[in-house]
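Below is one structure; the comments refer to it alone.
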Number of protein chains: 4
Amino acid sequence: MSNSFGHSFCITTFGESHSDAVGAVIDGCPARLPLDVADIQACLDRRRPGHTTLSTPRREEDRVSILSGVDQGVTLGSPIALLVRNTNVKPADYIRFQSVPRPSHADFTYRSKYGILAASGGGRASARETVGRVAAGAIAEKWLALTHDISIVAWVSAVGPIEAPDLTERNIIRADVDSTPARCPCPETAAQMIQLIQDTQREKDSVGGCITCVCRQVPVGWGEPVFDKLTALLAHGMLSIPACHGFEIGSGFPGTRLKGSEHNDAFVVKQGRLGTVTNRSGGVQGGISNGEPIVFRVAFKPTATIGRDQTTSDYEGHPTTLAAAGRHDPCVAPRAVPVVEAMAALVLADLALTHGRSQGKTDD
Amino acid sequence: MSNSFGHSFCITTFGESHSDAVGAVIDGCPARLPLDVADIQACLDRRRPGHTTLSTPRREEDRVSILSGVDQGVTLGSPIALLVRNTNVKPADYIRFQSVPRPSHADFTYRSKYGILAASGGGRASARETVGRVAAGAIAEKWLALTHDISIVAWVSAVGPIEAPDLTERNIIRADVDSTPARCPCPETAAQMIQLIQDTQREKDSVGGCITCVCRQVPVGWGEPVFDKLTALLAHGMLSIPACHGFEIGSGFPGTRLKGSEHNDAFVVKQGRLGTVTNRSGGVQGGISNGEPIVFRVAFKPTATIGRDQTTSDYEGHPTTLAAAGRHDPCVAPRAVPVVEAMAALVLADLALTHGRSQGKTDD
Amino acid sequence: MSNSFGHSFCITTFGESHSDAVGAVIDGCPARLPLDVADIQACLDRRRPGHTTLSTPRREEDRVSILSGVDQGVTLGSPIALLVRNTNVKPADYIRFQSVPRPSHADFTYRSKYGILAASGGGRASARETVGRVAAGAIAEKWLALTHDISIVAWVSAVGPIEAPDLTERNIIRADVDSTPARCPCPETAAQMIQLIQDTQREKDSVGGCITCVCRQVPVGWGEPVFDKLTALLAHGMLSIPACHGFEIGSGFPGTRLKGSEHNDAFVVKQGRLGTVTNRSGGVQGGISNGEPIVFRVAFKPTATIGRDQTTSDYEGHPTTLAAAGRHDPCVAPRAVPVVEAMAALVLADLALTHGRSQGKTDD
Amino acid sequence: MSNSFGHSFCITTFGESHSDAVGAVIDGCPARLPLDVADIQACLDRRRPGHTTLSTPRREEDRVSILSGVDQGVTLGSPIALLVRNTNVKPADYIRFQSVPRPSHADFTYRSKYGILAASGGGRASARETVGRVAAGAIAEKWLALTHDISIVAWVSAVGPIEAPDLTERNIIRADVDSTPARCPCPETAAQMIQLIQDTQREKDSVGGCITCVCRQVPVGWGEPVFDKLTALLAHGMLSIPACHGFEIGSGFPGTRLKGSEHNDAFVVKQGRLGTVTNRSGGVQGGISNGEPIVFRVAFKPTATIGRDQTTSDYEGHPTTLAAAGRHDPCVAPRAVPVVEAMAALVLADLALTHGRSQGKTDD
């Protein structure tokens, strides 16, 4: 199914941008995990639009409720249903798009596929769909932290042509990331990014960006060989995020320019166990985690919805001019940071539990 | 499971580099597809090592047998089992790796995960595992061609720092690709690539590369929203190929540097239906094909196994020097071309059949 | 996952007997199905307890909300989330069961498996979990009726030793079934069943029963060979219903006493197409529907929770006496009728869409 | 897909009755299980036809090969491919069935579904398909025995109207079962069964039968609540066996006649842990194993293929008379014994590994 992700820690998300609610059901979360609604709300608050001048003016409380699966502050091992009501629904903004598909948006393909389009807004193609991912990811993340001391931190490493220096070996934490609205932990680069985003917004235009993510303390052995490699599932998860155009692990595309003798990560004893001197593998070898930090990078295209006039065609084939009045971010990267972290957490929790399975672990 | 790929057109591959055989079972291939063993053999022959000086000297016939699922030249709708015997097994080459994990190879992670390592060779982590993918992909490809006139062509677009010009809008065919051992259809670039690969081989080193793939005639509407976007499944499939370090669709990572007004693909009437003027979306919008060519690019790291001495550590933590005697390619990109095509075919066939399902089609 | 059912028309249910809500998410319902909340409410009303003296006094409105996936009265092809609030929660009734597992109930096994028990009531093992199934089944049923004119009718064919005559060849409709609180469309048998249930209730005891289900107008060809036979999925669905102890298709267990020459269903032309003279196959041959009515029978054990004193043991191993104060039905069969119908609808809708897939249908 | 079974210990079977080979691929078998081809051959030998006068004269060696996944006598954790060549192929026997569908056989439904029929024999609907199940089940069984000391024994408990006494509380072993060709461990009943089967064979007719299966030493906690209950998966597995018409757990259909006070299994301390006095639950409560023996019963209809003349219709609708010349058993029950055991082993191994997953076990 297209609305579920994960085999062992499996989430199903639901909700259109303007339906009654959005949410997620998590099936497979282990029992006896301490879980409070505040754990989830904290992640949703980081995702929520409207908190800075860099993002869409859509303002929603995004208050999450836990409907099931938690009793007296701990998980029961049963499905955890999470619900967030949609409160700021403005269908009128979207009437035009029933006759003119927005360029590089999903209007045309959804209508072609389903023979129908949600009467308002982007339906499932809206970034609002990611509410369910972030809420579910918060639970995965808590489980990973409590059981394995794993930390996951992502930040904006590029906005348009502005690139941050390589920060993957510094121990960046979320407070560093959130210290600027650009969500780039290098203050100088952040200032440039903010300037570019504001300029772009003024021009009623948009710009792309990249996010770098580091997952620390992932044990050796997670990831399934062949088709469910850790890299493959991460790529799957990231490319499923709206507007994502690329994924690279470790040395990525630039690493293809190196020689093997430059690129290989030699083994060495570190903290009493075998580690690698360098980490061009991004913490994954043969699809399986090797104990080094998982490091990957994700590309987000410029937001498709822009306020400028665009020459395009309506569904009938008549040339027309379109300018979007809907709410949108000039650059999705800052708000996509918690979404990237959530998808990373979901992949890791899923592979952690799948690994237990492949180890033949069956006892209490 | 880690050894299966696809929901509707599902393959399961099996076999280690030095077991009796490698192969695949395809479950979900529609009935009544004309299929001959030669259809599959042709694709395997393109994958086979040993046909040029650019690849490993391991010479295997790689003769495929169809064990089931085909009767009198057509598919029955039942599982198609494909078998290729391993004939050129040299376990002696691999004894050293039982005590010293090869840097940036899967030896260490496999042994950590399973507590055991195939006595010889890379086991499932060997590129030999891709025999099953290519054999299965040949069937997917034939079905796509016969039912939808879809063509899939991939080529080497970069070797180390040498990059081919953008050929995605030229109608490249496989004969163009195979006209040079570098599998780059631009003869000038190919010559440079060949030179670089041969130099690298002489230095007992390796080099990375990139592959570009174009899928033409894919109908509008394939790909499932949210988690099983066409892009997400392509990324999953590509990152599951050994040595793959990155995936990008359409404008990819470079596209993040553009403004939305530069990047958006405006709609226009083309050949009687709605198409786009440009194709920075790479043929996919909101995760669903839009009728334009699917265009993506895949990064392959430099081959991990090199003949040069590398300073590393054995499993006991003792520093040591390792030089691989096993068979390996100085650059995996040329041989990965049919593997990329096969995975693309498998993703498309799977989504094609899943699309039929989501359309509620149930009649004959 | 244990809380999802179906591959193509897939439901995920959630909610404990005493959590905030119970519900379901349906992923894979085709787009453009007219759907109103009343379609679902009607099925839930048939399932609801408290409407006759034969069932538990737990009285809940069970008002369902559609949170997503439906816009202006038609489905969008996106996930349909359904929610029913739990209003009549009486945890105090269940405190005793934290220390004494109810015999033949799931208390002991759940606590052993998860190391925790929902603080009140049966959690996921409660019959309340079936709310989500019935709500989702209502949608499957509507789709089957509108697209294929399929009807599904189940009734109580036995309560304890009282067996109804074979009614499978009469065209029973739901109004016939609902005309008595026993949900047996034979009035004489129903009267006996009601008497037995009331006597049993007076004795603070419970009794088992059987349900027969007939699905008409199922086209030839639904059901997947080998592991996902129509019979296998029906059996899976039925045995997943709380208290179900058996499933038989067509001639079932009694049919094993016949000779092949007595049992075989000879082919004959019926209404212009090939049908069978008899229907001992229950409408399924080789796991695939043959166009005859699907006929099966389901066994439900006596309700485990009874008001009489039972000699048993607490978790510490101390012998004790237990009498349940919680709410329960003396015979589950009458209330299980809509649950059996719902599971049958879910299996058929799932196989219908899977069949379209296996047919290679991919176009609009 | 219809040709795979299991989520964690997953098998995919392939092969038609008259293709080159039949076999299975097992994905998910834990690493480091000692495994020899003889382990598998022993189970296949019990399944093989032709060893007594009670079964089909088709004589095949059914020699199994392990193609992958095992190295130096232990499993690698990678897919295990098993192959059995078809040697005794007599397509000429089956020409008639291209024009006349055999009553109560899968000819008609397969041809309707796929638009094609295997040129000879029953294709995937043949009992020969069960070779792959038995071979894979042998591995599951070995793993269950070595890791949990689990034993699985099935026997013929009814042939036509002849029923064996209840032997579920006696410690029946396979040698007892195999001591008669009827595979009923009660010698007096076995003698009557043999007589009935031989008489039936002489009459060119067939007869149905039942199999009882007991699984001992299954730990508490296996089976997933709601949709993947241990009972639901067992029912799924059993109803997927050719000719299976029914499944019941514990007290089954007869148990519906009891009162709750008679039926409930009271708890009591047994061997230092909580057990039950009786076992009407068949070892499963709320879908989860409770530590008591798993006991279930399976119904097999009379073999559809009989040597007697049957009045039926050809595909064109013309009445005709058909007498099967193909090879078939007068009663499938004795040969189905190892198939029932294999499916039980596959369900248990799958749930064992899934249980480890749901327990959140992730470490070595």
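Counting the residues of segment A:281-306 that are of a type outside the set (S, T, Y) and either facing chain B (nearest Cβ under 7 Å) or under 30 Å from A:E203 (Cβ atoms) (or both) gives 12.
For D:V339, the conditions (1) buried (at least 21 other Cβ atoms within 10 Å of the Cβ); (2) over 25 Å from the mean Cα position of the chain (by Cα); (3) more than 8 Å from chain C (Cβ to nearest Cβ) are fulfilled apart from (2). Within the span defined as segment A:199-207, one or more residues are of a type in the set (D, E), over 27 Å from A:L346 (Cβ atoms) and either away from every other protein chain (no Cβ under 12 Å) or free of Cβ contacts under 8 Å to residues at least 24 places away in the same chain (or both).
Taking the criterion of being in contact (Cβ under 8 Å) with a residue 12 or more places away in the chain, within 20 Å of the chain's Cα centre (by Cα) and crowded, with 24+ Cβ neighbours inside 10 Å, would at least one residue in segment B:109-119 satisfy it? The answer is no; no qualifying residue exists. Taking the numbered list (1) out of contact with any Phe, Trp or Tyr (no Cβ under 7 Å at 6 or more places or on another chain); (2) charged (D, E, K, R); (3) crowded, with 24+ Cβ neighbours inside 10 Å in turn, C:E292 passes all entries but (3).
Checked against the criterion of being touching a residue at least 12 places away in the same chain (Cβ under 8 Å), at the interface with chain C (Cβ under 9 Å from one of its Cβ atoms), buried (at least 18 other Cβ atoms within 10 Å of the Cβ) and not in a helix (DSSP H, G or I), the candidates D:V220, D:V156 yield just one match: D:V220. When segment D:317-336 is limited to residues that are part of a strand (DSSP E or B) and free of Cβ contacts under 8 Å to residues at least 24 places away in the same chain, the one that is nearest to the other protein chains (Cβ to nearest Cβ) turns out to be D:P319. Restricting attention to segment D:254-274, the residues being without any contact (Cβ under 8 Å) to a residue 12 or more places away in the chain and crowded, with 24+ Cβ neighbours inside 10 Å number 3. Cβ-Cβ contacts under 8 Å between residues 6 or more apart (or on different chains), taken from a first residue in segment B:165-182 that is surrounded by fewer than 15 Cβ atoms within 10 Å (Cβ to Cβ) to a second residue that is in a loop (DSSP other than H, G, I, E, B) and at pLDDT below 95, are absent. Taking strands (runs of 3 or more DSSP E) as the structural unit, those lying wholly within segment A:227-316 and holding at least 2 residues that are touching a strand residue (DSSP E or B) at 6+ places or on another chain (Cβ under 9 Å) and among the hydroxyl-bearing types (S, T, Y) correspond to A:310-313. Kindly establish whether C:W155 is aromatic (F, W, Y) and under 16 Å from the mean Cα position of the chain (by Cα). Yes, satisfied. Kindly indicate whether any position in segment D:52-74 is modelled with pLDDT under 95 and under 17 Å from the mean Cα position of the chain (by Cα). Yes, because at least one residue in segment D:52-74 is modelled with pLDDT under 95 and under 17 Å from the mean Cα position of the chain (by Cα).
Would you please name the residue that is farthest from the other protein chains (Cβ to nearest Cβ), looking only at residues in segment D:98-108 that are surrounded by 24 or more Cβ atoms within 10 Å (Cβ to Cβ) and in a helix (DSSP H, G or I)? In this case the residue turns out to be D:D107.
For A:T278, which of the numbered conditions (1) without any contact (Cβ under 8 Å) to a residue 60 or more places away in the chain; (2) farther than 23 Å from B:G307 by Cα fails to hold? So the condition that A:T278 fails would be (2).
Taking the listed residues B:T212, B:T189, B:T200, the one that is in a strand (DSSP E or B) and either among the basic types (K, R) or buried (at least 20 other Cβ atoms within 10 Å of the Cβ) (or both) is B:T212, with no other qualifying.
The number of residues in segment B:123-147 that are within 13 Å of chain D (Cβ to nearest Cβ) and closer than 11 Å to B:G15 by Cα comes to 8. Applying the condition of being in a loop (DSSP other than H, G, I, E, B) and over 18 Å from the mean Cα position of the chain (by Cα) to segment D:173-184 and asking which residue is farthest from the other protein chains (Cβ to nearest Cβ) yields D:S179.
Residues that are within 30 Å of B:T12 (Cα to Cα), facing another protein chain (nearest Cβ under 7 Å) and in contact with a Ser or Thr (Cβ under 9 Å, 6 or more places away or on another chain) within segment B:234-280 comprise B:A235, B:L239, B:S240, B:H245, B:G246, B:F247, B:I249, B:G250, listed in sequence order.
The values are calculated or read from the model by the stated rules, or taken from the named source; none is laboratory data. Just so we're clear, the structure is a prediction, and the values are computed from it rather than from any experiment. Ideal geometry is used to build each Cβ from the backbone, glycine not excepted, and the neighbour counts take in all protein chains shown.
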